[in-house]
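S.K.: If you scroll down you'll find the structure; I have some questions about it.
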Amino acid sequence: FEDTVKKSPSSARPALMLGTVYLTEKRFGAATEMLTRASQLDPQSAESYNNLGFIFLNTGYSMEAEQMFEKAISARESFVPAYLNLGYFALRIGDVDRAVALFEKALTFEPSNEKVRTALKKAKSFE
């Protein structure tokens, strides 16, 4: 993807793909740079915001993570991974009611998603 990013500097998709590769390799600095670029090139890229949120959450920037997950949902209301991540974040800070609401909302888009069902069950066990 690095060559594609160089050849297509104004295209968001290669930057998103390269940023995602860097994320899986835990190269958070490089991933942040590429995903930020992707989100600037395509402000409706829910994947970019969600992945940035994941990086921020795992590098100690909780408030920024929350903002990115919310941006992902704003960019694409039906983007279930952002609801999951924002719900997990809500659980982490002890906001069980918000987590339950987020997981329930995610199920309206993907009713058979087992990951969401499991998260919802876990969240409800804390109520």
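The values are calculated or read from the model by the stated rules, or taken from the named source; none is laboratory data. These figures come from a predicted structure and were not determined experimentally. Backbone-built Cβ (ideal geometry, glycine too); neighbour counts: all protein chains shown. Ligands, DNA and RNA are excluded from the accessible area calculation, which covers all protein heavy atoms including side chains. Shrake-Rupley method; radii C 1.70, N 1.55, O 1.52, S 1.80 Å.
S.K.: Looking at segment 26-55, which of the residues that are among the aromatic types (Phe, Trp, Tyr) and under 10 Å from the mean Cα position of the chain (by Cα) is least open to solvent (accessible area, probe 1.4 Å)?
M.R.: The extreme case among them is TYR49.
S.K.: Here is a further query. Being in contact with an Asp or Glu (Cβ under 9 Å, 6 or more places away or on another chain) and free of Cβ contacts under 8 Å to residues at least 12 places away in the same chain is the filter here, so list the residues in segment 21-72 that pass it.
M.R.: The answer is none; no residue qualifies.
S.K.: Which one is farthest from ASP42 (Cα to Cα), of the residues in segment 67-119 that are loosely packed, with under 15 Cβ neighbours inside 10 Å and of a type in the set (Lys, Arg)?
M.R.: Across segment 67-119, the extreme among qualifying residues is ARG92.
Conditions tested, residue by residue: (1) touching a strand residue (DSSP E or B) at 6+ places or on another chain (Cβ under 7 Å); (2) outside any helix (DSSP H, G or I); (3) aliphatic (A, V, I, L, M).
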{"site": "PRO81", "(1), (2), (3)": "no, no, no"}
{"site": "LEU86", "(1), (2), (3)": "no, no, yes"}
{"site": "GLY94", "(1), (2), (3)": "no, yes, no"}
{"site": "ALA106", "(1), (2), (3)": "no, no, yes"}
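S.K.: Taking the stated definitions as given, is LEU35 in a helix (DSSP H, G or I) and at pLDDT below 95?
M.R.: Against the criterion (in a helix (DSSP H, G or I) and at pLDDT below 95), LEU35 does not qualify.
S.K.: Now, a different point. I need the full set of residues from segment 1-25 which are surrounded by 14 or more Cβ atoms within 10 Å (Cβ to Cβ) and within 16 Å of ASN58 (Cβ to Cβ), in order please.
M.R.: Correct list: GLY19, THR20, TYR22, LEU23.
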